Amino acid sequence: MSIHKLNDSKDKKGTFIVEIQHQEKGSWQGKVTWAEGGRKEVFRSTLELIKMMDSAVNEAEEANVASSVS
């Protein structure tokens, strides 16, 4: 499935492509791509991955609220 098809969903909050490259000490390390924002970042733990994803979704929601107020 292409990123463009993933972006066609109406009610989604965010699409993330997660590449797990290593697993050490019970946690994942790898890369995450935020499809809507076009950002790619490296994460060193599962917690860091979740925080990145949460931050991206919150940024998108804030941008939507700001654009609807204008």
For this session: For residues that are outside any strand (DSSP E or B) and over 13 Å from the mean Cα position of the chain (by Cα), scanning just the stretch 24-43, find the one that is nearest to Gly14 (Cα to Cα).
Result: Gly26
Seminar exercise, completed: Selection from the stretch 44-70 of residues farther than 21 Å from Thr33 by Cβ and outside any helix (DSSP H, G or I) yields Ser70
For this session: Identify the single condition in (1) open to solvent by 60 Å² or more (accessible area, probe 1.4 Å); (2) modelled with pLDDT of 90 or more that Met53 does not satisfy, given that it satisfies every other one.
Result: (1)
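The values are calculated or read from the model by the stated rules, or taken from the named source; none is laboratory data. Note that the coordinates shown come from a computational prediction; the quantities given were computed from them, not determined experimentally. Because the Cβ atoms are built from the backbone with ideal geometry, glycine has one as well, and the counts that use them run over all protein chains shown. Ligands, DNA and RNA are excluded from the accessible area calculation, which covers all protein heavy atoms including side chains. Shrake-Rupley method; radii C 1.70, N 1.55, O 1.52, S 1.80 Å.
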